[in-house]
Amino acid sequence: MTKDTHDHYTRRDVLKRGAAAGAVALGSGAFLASPRAGYASADEESSQHPKRGGNLRIGVTGGSTSDSIDAGMYISQVSGLMIYQLYDSLYAFDKNARPQLSLAKEVEHNKDASVWTVRLRDGVTFHNGKDVTAEDVAYTFRRILNPKKPLIGAVFIKKMDLKGIKILDKHTLRIPFHVPFAQFPEVQATYFYFIVPSVGYNPKAPIGSGPFEFRSFTPGQQATFVRNPHYWQSQFPYVDQVVITDFADETSQLNALSSGQIDLAASLSGSSIPLVKAAGGTAQIADGMFYAPLAMRMDVAPFNDIRVRQALRLVVDRKQMRDLVFSGHGIIGNDIFGYYEPTYDHALPQREVDVAEARKLLRRAGHTKLNITFIAADVAAGALRGAQIFAQQAAAAGVTVNIKQVPVSTLFGPNYLHWHFFQDLWAYNPYVLNVENDLLPGGIFNGCHANYPPYTKLWGKLTRTVNPSEQKDIAHEMQRMEWDGHASGNIIPYFIPTIDGIGKGVFGLTPSKTGNYLGGFDLKTVWLG
Amino acid sequence: MLRAFSHRHPFTALIIRRSVVGVVTLFVVSVLIFGATEVLPGNAAYAVLGHSASPAELHALERQLHLDRSVVDQYGAWVGGIFRGDLGRSLANGTSVWSFTEARLVNSMILVVLAGVIGSLLAVALGIAAAARKDTWLDDAMSGIALAVTALPEFVVAITLVILFSTVAFHVLPGVSVFAPGTYAWSGPRRLVLPVASLVLIIVPYIFRMTRAAMIEALESEYVELSELHGVSRVRVLLFYALPTSLPPIVQVVALTFLYLAGGIVIVENVFAYPGIGQGLVNAVNARDIPVIQFIVLVLAAFYIVVNIVADVTVLALTPRRRSRA
């Protein structure tokens with residue numbers, strides 16, 4: 001790790017330490033600046049004054065040889081981390097998981113939200129110096145929705161009227177949809193819509209407009225990116241270079257952090273926190289919105305009986321499970337998702353463990369000695385442990401759970417929509433998206449085979465509702481149906497806390513409520529001191 | 001006529017015979033691995049696109065990767081490619097199999113050769129010393145330590161070294177051995193120390209015990225007694241009289257150790273995040289990347305076969321009686 005040297009700041013560039021996070025609230029377009037009278041002592045400086053330079057080394061797990069840095073191929077968190085450095089999209093999530101204007105400066109919609117007009121920020125360039133224009137945005141959507149090779153984000157914008165896109169001027173375009181699409185901003189903040197140049201985009205040596213530029217990438221091993229000196233958020237990034245290395249497991253990842261060979265270790269389990277501290281680092285814990293539900297298929301016995309589903313939700317001692325798996329970190333779940341979204345219904349009573357009621361329900365359903373198999377996999381930190389704890393808790397209600405562990409690639413392989421009772425994993429996406437994929441008939445990840453027509457109707461209404469308070473009412477109705485068990489076969493005991501290990505001398509990382517690690521992939525605010 | 005030939009040229013005959021069997025073995029192995037990968041649920045297209053892909057997208061990619069052909073066809077296409085010198089391309093990301101695996105192969109070779117050579121020499125030396133001082137406290141101590149070390153799983157040995165020299169007790173050596181993709185491990189010698197030391201610790205006990213046992217037996221033979229009575233020095237007796245007789249079993253054990261290393265480095269590579277074929281193989285299986293899996297497994301099988309041939313030839317060379325069988 002090279003020692004950095006002081007850069008010479010103008011007063012406009014100096015930031016208070018906490019302002020780095022606030023600067024992501026781009027709606028205002030202004031950065032918090034605090035003119036300093038003069039430099040203070042060296043110690044004070046290293047703790048308050050972001051320094052430029054250095055090589056930021058990051059260790060991640062869960063990488064694979066299929067990882068990609070194609071802007072439209074966010075197939076894993078490792079891919080997501082890399083893509084987030086190279087590109088920008090029209091909106092970006094802030095640390096509170098709210099979409100904020102990013103490449104877009106102004107966005108308007110017509111009355112029923114079926115036509116969106118986007119005006120881009122001026123002066124933003126790609127890494128090759130070319131301006132980011134409306135044509136590039138149109139090209140990006142055409143590329144994602146290419147019928148011969150649709151990219152991951154195609155499914156959420158499939159109602160876009162591609163042929164009807166009109167370029168109004170260099171930085172403005174009008175995007176019509178076949179049906180109203182009220183959640184266009186939230187969807188554009190997800191990690192599937194990064195903007196690429198319309199000319200000369202090569203996914204193997206990609207050009208984007210992001211804070212870092214591509215230098216090298218070997219899938220499953222290592223990626224190296226260098227600072228973009230012309231990044232449109234001009235005070236970012238701080239470090240000169242980012243090196244992301246794949247590790248096979250957490251043990252070697254932690255060893256690398258302890259021996260100073262990496263500066264950040266992404267996505268650790270709770271038991272690693274003392275080890276990080278012992279090595280002189282800090283553990284940053286973000287209460288994020290990822291969740292790993294135990295999913296029941298609602299169209300096969302015994303789970304097709306709503307009483308059985310509700311009984312299994314009642315045997316879970318959520319607090320105990322969360323405490324055992326994550327040492328008290330993470331939000332307790334109530335079988336519904338999107339905890340920090342404005343639409344989340346905090347008024348729904350928190351489901352508590354109730355073995356007596358569970359037994360009663362099972363007896364009424366005729367399953368006093370239920371024997372079921374749960375397909376478990378190491379999908380996320382703590383998932384396997386959670387499954388074992390569930391089996392023990394279920395035994396108290398007379399339910400025998402046989403855990404069958406499979407590799408993750410098998411779980412999410414061709415049998416994915418055929419398991420009866422299995423481990424699922426959901427990253428953070430806006431509520432409407434996860435509903436569409438998980439709980440609607442035809443949803444691509446609808447492992448529960450959920451199909452409740454009143455619920456589907458409400459979802460259609462939600463996507464056409466622009467008024468936030470009306471959105472809340474509809475969403476609350478939908479969540480009641482999920483909670484009651486009519487619309488959802490998910491047991492969500494907790495939301496997964498994201499734990500990152502920060503080595504000595506690394507500053508500027510702040511937690512993100514999305515649950516994506518390393519502050520929501522936000523490396524541009526990190527500096528080495 | 002064949003018998004006469006093998007009588008007059010025992011080495012050549014042995015090598016030819018073993019090589020033919022070796023080639024047949026390689027074919028059988030390649031068929032088995034192909035079949036085994038097919039049995040796994042999912043294929044490379046699933047692994048690349050993830051479960052968000054529609055059936056249409058999956059089929060398109062499968063066609064592109066030739067996964068829609070019958071298994072026999074795919075195997076035939078692959079074998080044909082091998083004979084043309086074309087190892088194929090990785091299904092996961094399209095790079096050529098050779099460029100993808102070359103550095104990993106070299107790096108694993110470095111570990112195997114360094115650990116094998118250092119460990120064998122060290123173990124043989126210790127075995128000779130223990131045999132020379134049979135039943136003294138030194139001998140008992142060495143045998144006891146060897147037993148204790150051999151009882152530990154490889155993972156424990158590796159992690160103990162990391163704790164001692166890198167993360168907890170002392171901080172003098174790197175805890176992981178990460179190298180930039182495509183670079184060879186000799187570019188960072190400090191990062192080689194702990195992985196090689198772990199492997200050496202793991203393999204020394206077995207070779208040590210065999211050496212000691214073989215040396216003890218040799219030292220009790222008549223011609224050694226006779227040479228001692230003639231006043232030959234102890235050192236000469238050990239090195240030039242007892243050791244040559246002990247070599248055949250020692251060579252066998254060393255060969256077995258090299259064979260073990262080819263597979264056994266996987267755990268050590270895992271602990272140290274070392275970019276070798278261990279991780280390469282695990283990644284390839286997860287991605288159902290058949291060309292890469294095939295290539296790595298065949299290299300390992302070929303290594304096994306070659307080491308066996310070399311061991312057998314060496315033992316033959318060291319055993320004059322067998323060369324001149326009537």
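Where a number appears in this text, it was derived from the coordinates with a stated rule and is not lab data. Nothing here was measured: the structure is a model prediction, and the numbers come from that model. Cβ placement follows ideal geometry from the backbone for every residue including glycine, while neighbour counts extend to all protein chains displayed.
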* Asked: Roughly how crowded by other chains is peptide B:267-279, in terms of the mean Cβ count from those chains within 10 Å of each of its Cβ atoms?
  -> 3
* Asked: Ranked from highest to lowest mean number of other Cβ atoms within 10 Å per residue, what is the order of the peptides A:142-150, A:326-334?
  -> A:326-334, A:142-150
* Rounded to two decimals, what ratio of Rg to Rh does the stretch A:211-292 give with C-alpha atoms and a Kirkwood Rh? -> 1.02
* How far is helix A:383-395 tilted, in degrees, relative to the longest principal axis of the Cα atoms in chain A, given as a value from 0 to 90 rounded to the nearest 10? -> 20 degrees
* Asked: Relative contact order (percent) for chain A, with alpha-carbon contacts under 8 angstrom and 6 or more residues of separation?
  -> 20 percent
* To do: Give me A:Tyr139, A:Tyr517, B:Tyr184, B:Tyr46 ranked fewest to most by other Cβ atoms within 10 Å of their Cβ, as a rough exposure proxy.
  => B:Tyr184, A:Tyr139, B:Tyr46, A:Tyr517
* Structure fact -> For the protein assembly as shown, the convex hull over Cα atoms projects on average to an area in nm² of 44.8 nm²
* Starting with the fewest neighbours, write out A:Lys163, A:Lys524 ranked by other beta-carbon atoms found within 10 Å of each beta-carbon. => A:Lys163, A:Lys524
* To do: Please give the average number of partner chain Cβ atoms lying within 10 Å of the Cβ of each residue in A:274-286, rounded to a whole number.
  => 1
* Structure fact -> Exposure proxy check on A:Val316, A:Val353: fewest-to-most Cβ neighbours within 10 Å is A:Val353, A:Val316
* Return a whole-number percent for the relative contact order of the stretch A:223-320, with Cα pairs under 8 Å and 6 or more residues apart as the contact set. => 14 percent
* Structure fact -> Extension length gain for B:Glu38 and B:Ala141 (0.36 nm per residue less Cα distance), in nm, is 32.0 nm
* Take peptide B:166-179, look around each residue's Cβ out to 10 angstrom, count Cβ atoms belonging to other protein chains, and average those counts. => 5
* To do: Name the lysines eligible as straight-distance cross-link partners of A:Lys457: C-alpha to C-alpha under 25 Å, and not fewer than 8 places from it in the same chain.
  => A:Lys111, A:Lys158, A:Lys159, A:Lys472
* Mean Cα-pair separation over length for the stretch A:289-495, i.e. relative contact order, pairs under 8 Å, 6 or more apart, % -> 37 percent
* Structure fact -> In terms of the alpha carbon gyration tensor, root eigenvalues a ≥ b ≥ c, rounded if a/c is under 1.5 and otherwise prolate when a/b exceeds b/c or oblate, chain B is oblate
* Asked: Label-point separation (nm) for A:Asn402 and A:Asp249, each offset 7 Å from Cα along Cα-to-Cβ?
  -> 2.7 nm
* To do: Send over the per residue convex hull volume for the stretch A:289-495, Cα only, as a whole number of Å³.
  => 105 Å³
* Asked: So, counting K/R as plus one and D/E as minus one, what does the shell of residues with Cβ under 14 Å around A:Asp345 add up to?
  -> -3
* To do: For helix A:468-484, report the angle its Cα long axis makes with the longest principal axis of the Cα atoms of chain A; keep it between 0 and 90° and round to the nearest 10°.
  => 40 degrees
